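Below: the structure, in structure tokens.
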Amino acid sequence: MVAVDLNAGEIAWKAPFGEGSDGIRTHPLLRGVDLPERLGTLGNSGLLVTRGGLVFLGGGDPYLYAFDKATGAELWRGATPFPTNANPMTYRAESGRQFVVIATGRGSEAALVAFALPGQ
């Protein structure tokens, strides 16, 4: 993931998101190689930026990730029952509580998963 400072026209920060494939981690040619914790996840899903400065992103792992918009630091990740495959969405309930929702899985193994943001 790359954030661009549009005022300066420069890259503000870069951060890999996602753990990466087990197929890569267990590949025989990489045996003995010290791999980083985060290899990144392939995906083409879009992201969601909240007014509070959170960037939500899914993209192939069974997680929804939240990053700090200013620094790129991963702040949270929530497990989903299936790999994420859509852009996250947000809505505010009548009570004022904000939720982030993402579609996961496909076919008979599909679910919409909602996470509540901390209360105001």
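Values quoted throughout were computed directly from the atomic coordinates according to the rules given, and no laboratory measurement underlies them. Fair warning: this is a prediction, and the values are worked out from it, not measured in the lab. Every residue, glycine among them, receives a Cβ derived from its backbone with ideal geometry; neighbour counts consider all protein chains shown.
Quick notes on this structure:
- Per-residue Cβ neighbour counts within 10 Å put K69, K14 in the sequence K14, K69, beginning with the fewest.
- Length added when fully stretched, I24-N87, from 0.36 nm per residue minus Cα-Cα: 20.1 nm
- For the chain, the gyration tensor built on C-alpha atoms gives an oblate shape. Its axis ratio a/c (a ≥ b ≥ c) is at least 1.5, and a/b is not larger than b/c.
- Normalised by the number of residues in the chain, the average gap of Cα pairs under 8 Å and 6 or more apart makes the relative contact order 16 percent.
- Computed over the chain, the per-residue total of -39500 (n - 2.57) for DSSP H runs of n ≥ 4 gives a 222 nm mean residue ellipticity of -500 deg cm²/dmol, rounded to 500.
- Among Y65, Y91, the ranking by other beta carbons within 10 Å of each residue's beta carbon, starting with the fewest, stands as Y91, Y65.
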